[in-house]
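The values are calculated or read from the model by the stated rules, or taken from the named source; none is laboratory data. Keep in mind it's a predicted model, so treat the numbers as computed, not measured. Using ideal geometry, Cβ is built from the backbone for each residue, glycine included, and neighbour counts are taken over all protein chains shown.
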């Protein structure tokens, strides 16, 4: 950390074609009431709309807070991780917060509350909080059960980030975000995701505190262009994502884990492998060991459709081909 600038928090914001949302996101950062300085690093990944223009406007108005980065070519399409290549070398803060350009913070006390917790509890690697899910065509809802402030166990995070907290709520010690472990690199290279691996590492490096206060908003389905067009192409993206999760978890097993943690990782690997079989239409393998117990725990609908697919394999193949699931 650059000691001279006295920066406590670096906020990392990746954005692409977020012209409808970026002002709200930046205003959420700027509304933070803190007794410490913080910086906001925003990277526009070669947007084709007015996102870059909005970023320039805010960067000129708030040069002491907002540090903009503009890409001439889209990094994501080239499988280049913006965090590794743009953000991490530029971070000045003692703590790191993350919020993408279509999500936003709705509580001006968010950063202060989280920094206060981590300052007072050095055995914690991160402090997170509850969030509101904002759907395109549905009412807002609180993402996680409101059971009060609590610690997040490894057994919860290993199931996936949708079971623990949203990325827009993370405030973590910089050493646990920078210099990513090998399983985080595998997650991005093979699945194009990082939040799951970050969540796992934070649990392994220390305790994670969950504040039961909704201080961010996660826009769900706000940017359809992030998903490939067409059912067949979206299916391929889902295959890649699940395969990436499996690869990440198998790489994680090469690290020092407790017997309980190893058992949890093995369980989730098996569940993801079963899910991959389902996506790939490998129905005969789904009902055999070691996946048979998982299959029997599924609802009647899944079991019935699987039986029908096994009884009529030719029709099943024709259906998958028609839907674009197979070449």
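Listed values, structure above:
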| quantity | calculated |
| --- | --- |
| Strands (runs of 3 or more DSSP E) contained entirely in the stretch 88-182, each with at least 2 residues that are in contact with a strand residue (DSSP E or B) (Cβ under 6 Å, 6 or more places away or on another chain), at pLDDT 95 or above and within 22 Å of residue 16 (Cα to Cα) | 95-98, 132-135 |
| Residue in the stretch 17-31 that is assigned to a helix (DSSP H, G or I) and more than 20 Å from residue 218 (Cα to Cα) present | no |
| Pairs, first at negative phi and in contact (Cβ under 8 Å) with a residue 40 or more places away in the chain in the stretch 302-325, second surrounded by 12 or more Cβ atoms within 10 Å (Cβ to Cβ) and part of a helix (DSSP H, G or I), C-beta under 6 Å, six or more apart | 325/235 |
| Qualifying positions in the stretch 287-302 - part of a helix (DSSP H, G or I) and over 21 Å from residue 323 (Cα atoms) | 292, 293, 294, 295, 296, 300 |
| Residue check, residue 296 within 25 Å of residue 249 (Cβ to Cβ), free of Cβ contacts under 8 Å to residues at least 12 places away in the same chain and in contact with a helix residue (DSSP H, G or I) (Cβ under 9 Å, 6 or more places away or on another chain) | yes |
| Residue that is nearest to residue 175 (Cα to Cα) [pool: residues in the stretch 101-117 that are surrounded by fewer than 21 Cβ atoms within 10 Å (Cβ to Cβ) and in contact (Cβ under 8 Å) with a residue 24 or more places away in the chain] | 117 |
| Yes/no for residue 310 being at pLDDT below 95, surrounded by 12 or more Cβ atoms within 10 Å (Cβ to Cβ) and not assigned by TED's automatic domain parsing to the domain that holds residue 203 | no |
| Residue, farthest from the chain's Cα centre (by Cα), within the stretch 49-64, restricted to residues that are outside any loop (DSSP other than H, G, I, E, B) and farther than 16 Å from residue 39 by Cα | 57 |
| Test: residue in the stretch 295-303 that is buried (at least 17 other Cβ atoms within 10 Å of the Cβ), under 26 Å from residue 158 (Cβ atoms) and modelled with pLDDT of 95 or more | yes |
| Qualifying residue in the stretch 22-36 (condition: closer than 20 Å to residue 81 by Cβ, surrounded by fewer than 21 Cβ atoms within 10 Å (Cβ to Cβ) and in the same structural domain as residue 219 (by TED's automatic domain parsing)) | no |
